[in-house]
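Worksheet: one structure, shown below.
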Amino acid sequence: GAPVLILSEDCWRRQFGADPGILGRAVMLNRRSFTIVGVMPSEFRGTMGGLNCDFWAPLTMHEEVANFGSLTRRGDRWLHSQGRLRPGVSRTEAQAAVTAMGAQLEAAYPKDNLGISVRVLPLWKSPYGVQPILLPVLSILLVVSLGVLLIVAANVANLLLAKTIGRRKEIAIRTAMGARSGHLVRLLLIESVLLALMGGLAGTISAIWAVDLLHLFLPNTHLPIGLSFELDRQTIGFTLLISLATGLVFGLAPAVQSARTNLNVTLREGGRSSGTGSSHSRLRGALVISEIALALLLLVGAGLCLRGFERARKVDLGFDPQHLVLAGMRIGMQGYTEETGKVFYRRVQERMRELPGVEDAALASWFPLGFEGGASTWIEVHGHPRQPGDQIGAPYSIVSPGYFRTMRIPILDGRDFLEEDTVENPQVAIINETMAKSFWPGENPVGRVFSTWRGDARVVGVVGNGKYRSLAEPARPFFYFPYQQGIGDMNLGVAVRTVGDSAALIGVVRREIRALDPAVKVWAALPMIDFIQAAYFAQRIASGLLLCLGLTALLLASIGIYGVMAFAVNQRTQELGIRMALGAQRSDVHRMVIGQGMRLAVFGVGVGLVGALALTHLLSGFLFGVRPFDPATFLSVSVILLGVAWVACYFPARSATRVDPLVALRAD
C-alpha cells in the first residue's frame, strides 16, 4: 500500500496548529501509521459538493481508511468518478466515448454490467453532494428575489414619476433656457442610478450581517456540511451591477416622460400641478398592477410550498420517529474483523437495552430518510429472470433482531430475525409489502427465495412499507438482511427507543459506547426527529424563504398602492373640492377613491392569477400532496391581497374626505 495522506488546510490548522513542518510527519489513522505528504489550499474542499473533507488518501488504501466496498468485485459501484476533458473535447464527445466503453463492458461482463449506463455531467450537476437538493431551491429563490427586485423597482419608478411631476416647472424653465431633452434625461437618470447604487450598497451591508441567518435553515446533521455563505467579490460586483441596471431601466421611463413636458402648457399653469397627465397616470397604474401581480405570484408560490410542507409533516413514514435516538459507529476504522465486530455490536445493543428509561435498542447499517442514499443491489427472483436491458434492483439494510420492534415497523407476515440466524445457517431476508406484491402477487412470499451478491436468501417475514429515501417516492421494494450473517461494510448504527425525552439520552449513549471502546468514534448521535429533517430540507427552506420574500412583496405592493393613491388624492385636491362644493358627499368621495385603487388591485390580481397558473408548475418538486393549481391557495392569497389593497386605499380615501372645499378652491 501507500500509507500517505494529504490534509485540507482547515484540518492542518485545526488539528496541527498550522505547523509548517507538517510534511513528512507520521500520524496514526485507524491504528496505522500514515505519512502526511501535502496540504491542500482552503479553496479545495473535495468533489462532493457542499461537504468538507479533512484529508485524502490513495484509493489503494481504502480498506485501511474506510473498510468498505471492494476493488475486486465488479458489481460494487461505490466510487464516484471524475474526469477532466482534454482541450477541445466537448462533453458530447466524452459521452459518446464512455457510452461505447459501457457497451463493451456490458458485452464482456453481462452478469454485472447488464443495463448499466454512464452519464457525463459537469461537476455542479453531480447527483452526489448537496447539489441535487439545493440547486432547485436556489433556482426558485433567485427567480423570486428578482420578482421582489422588480416590485421595489416599480415602487421607485412610481416615486420618481411623482417627483418629476412636481418638478415640471423646473424642467420647463430648464428647457426654455436651452436645455436639450437628452441632457434632461441624463440628469434624471443620474439621480435614479445614484438612488439605486445607494440602495444596493445598503443592501450589501445588510446582507453581510444577515447572511449568517441562512445557517438557521441548515438541518441538524452529522455530515460535514461545507456551504459557504460569505459574500465574495463576484457576488458584491453582481449586486452592484444589478443595482446599476435597475436604476437605468426603471429610471428611464420617468426621465423620458419628464423630458416630454409641454413647455407652453406648463409655463401657463405657473405653479399649479393639478393635472397629472393621462400618460403619467397610465404608467403609474401599470406599475401598480405589475407590483400586485408579482406579489400575488410570489405569495401563491409561498402558500403552495407551506401547504406542501405541512402535508409532508403529516405523511405516514412507515415507522415512528418519536422518542428515538440514533448513534452511528465506525468500527471498521479501528481494526475490527467481521467476528470481533459482531461481538462489539452485540455488546452495544445489550448495553443500550439496560439503560434506564430505554424500551428497546437495535442495530442497522442504514436508517431511512437521512441525507445518505443507502445501499442498493441487483436481485434475481426465481421465476422473474432479468431480461436484456431490464435492471431489477432494490435498496436494502442490514439490521439486528428487534429492529422492527424498535422502529415500530409492523410485521405483516412471518417472523422477525432471530439470534440463531447466523452464518452457519442458510441466508434469510425480510422483505417489505411492495416487494412481496411485486414478485409474488396473490401468493404467500414467506419461504420463497431470491438471489443477490450474497447468494440465495429465503424470505422469513414481510413488513410494512415505508418512506426510505424521500417523502415523495412511490411505494418501492425494500428488504433486510440480519447482521449476524454478514455486517457488510462493518459500520452499523444503533437506534434506541426511550420512554422520555430522546435528546436527554444522547450524552448517555455516547458515554456507553466510549466505555466499550474509547477508540470507536460516534459519528452521529441525534434524535431521529432531527435525522429525518433531511427529507423535509428542500420543502422547509423553500417554504421559509419564499414566505419571507412573499410577505416582503406584499408589504412593498401595499406601499406602492398607498403611494399612488395618496399622490392621486394630493394632485386632485381642487377637483375634490369642486365636487364637494357642488354637493358630493364625503361617502361618495371615499367610495370614488377606494374604487379607483381597488380597480387597479383587482386587475393586478387577475394578471397575477394568470401568471401563477402558468408558472406554479415549476414548484412541483417542492410540493407534497398539493397540486400546483390548488384552488384554496389561489383563493386565499387573492382575498388577502385584495384586503391589504383595500387597507392601503382606505387612508388616502379618508384624507380625501377631509378636503376643505374653500381651501381647495383657493389653492393656486
> Got a number for residues in the stretch 493-522 being open to solvent by less than 10 Å² (accessible area, probe 1.4 Å), under 12 Å from Ile331 (Cα atoms) and at pLDDT 90 or above?
Replying inline: 2
> In this structure, is Leu299 closer than 30 Å to Leu150 by Cα, surrounded by 15 or more Cβ atoms within 10 Å (Cβ to Cβ), among the hydrophobic types (A, V, I, L, M, F, W, C) and touching a residue at least 40 places away in the same chain (Cβ under 8 Å)?
Replying inline: yes
>> Against the conditions (1) more than 30 Å from Gly507 (Cα to Cα); (2) hydrophobic (A, V, I, L, M, F, W, C); (3) touching a strand residue (DSSP E or B) at 6+ places or on another chain (Cβ under 7 Å); (4) surrounded by fewer than 17 Cβ atoms within 10 Å (Cβ to Cβ), where does Ala375 fall short? Just the number, please.
In response: (1)
> Which one of the conditions (1) open to solvent by less than 90 Å² (accessible area, probe 1.4 Å); (2) out of contact with any strand residue (DSSP E or B) (no Cβ under 6 Å at 6 or more places or on another chain); (3) in contact (Cβ under 8 Å) with a residue 24 or more places away in the chain; (4) closer than 25 Å to Leu121 by Cβ does His62 fail to meet, given that it meets all the rest?
Replying inline: (3)
> What tally of residues in the stretch 423-436 results from selecting those that are open to solvent by 30 Å² or more (accessible area, probe 1.4 Å) and either over 43 Å from the mean Cα position of the chain (by Cα) or among the small types (Gly, Ala, Ser) (or both)?
Replying inline: 4
>> List the strands (runs of 3 or more DSSP E) inside the stretch 2-118, counting only whole elements, that have at least 3 residues being more than 24 Å from Gln334 (Cβ to Cβ).
In response: 32-40
>> For a quick check of your reading of the model, give me the residue pairs whose first member lies in the stretch 228-240 and is modelled with pLDDT under 85, whose second is open to solvent by 70 Å² or more (accessible area, probe 1.4 Å), with beta-carbon atoms closer than 8 Å and at least 6 apart or on different chains.
In response: Phe229/Asp212; Phe229/His215; Leu231/Ile208
> Looking only at the stretch 488-538, which residues are of a type in the set (Phe, Trp, Tyr) and touching a strand residue (DSSP E or B) at 6+ places or on another chain (Cβ under 7 Å)?
Replying inline: Trp523, Phe531
>> For the stretch 98-117: of the residues being open to solvent by 60 Å² or more (accessible area, probe 1.4 Å) and closer than 28 Å to Gly49 by Cα, which is nearest to the chain's Cα centre (by Cα)?
In response: Ser117
>> Any residue at all in the stretch 449-462 that's surrounded by fewer than 19 Cβ atoms within 10 Å (Cβ to Cβ), modelled with pLDDT of 90 or more and basic (Lys, Arg)?
In response: yes
> Looking at Leu619, Leu609, which one is surrounded by 14 or more Cβ atoms within 10 Å (Cβ to Cβ) and under 19 Å from Ser139 (Cα atoms)?
Replying inline: Leu619
>> So the check is Cβ under 9 Å with 6+ separation or different chains; which pairs have a first residue in the stretch 551-569 that's in contact (Cβ under 8 Å) with a residue 60 or more places away in the chain and a second one that's of a type in the set (Gly, Ala, Ser) and open to solvent by 30 Å² or more (accessible area, probe 1.4 Å)?
In response: Ala566/Ser655; Ala568/Ser281; Val569/Ser655
>> Return the residues of the stretch 2-17 that are open to solvent by 30 Å² or more (accessible area, probe 1.4 Å) and small (Gly, Ala, Ser); say none if nothing qualifies.
In response: Ala2, Gly17
> Does any residue in the stretch 425-440 that is without any contact (Cβ under 8 Å) to a residue 40 or more places away in the chain and under 22 Å from Gln484 (Cβ atoms) come within less than 8 Å, Cβ to Cβ, of a residue that is acidic (Asp, Glu) and in a strand (DSSP E or B) six or more places away or on a different chain, and which pairs are these?
Replying inline: Pro426/Asp456
> Inside the stretch 381-412, can you point out the residues that are open to solvent by less than 60 Å² (accessible area, probe 1.4 Å), at pLDDT 90 or above and on the phi < 0 side of the Ramachandran plot?
Replying inline: Pro395, Tyr396, Ser397, Ile398, Val399, Ser400, Pro401, Tyr403, Phe404, Thr406, Met407, Ile409
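The values are calculated or read from the model by the stated rules, or taken from the named source; none is laboratory data. Small disclaimer: the values here were computed from a predicted structure and weren't measured. Ideal geometry is used to build each Cβ from the backbone, glycine not excepted, and the neighbour counts take in all protein chains shown. Calculation scope for accessible area: heavy atoms of the full protein, side chains included, ligands and nucleic acids excluded. Shrake-Rupley method; radii C 1.70, N 1.55, O 1.52, S 1.80 Å.
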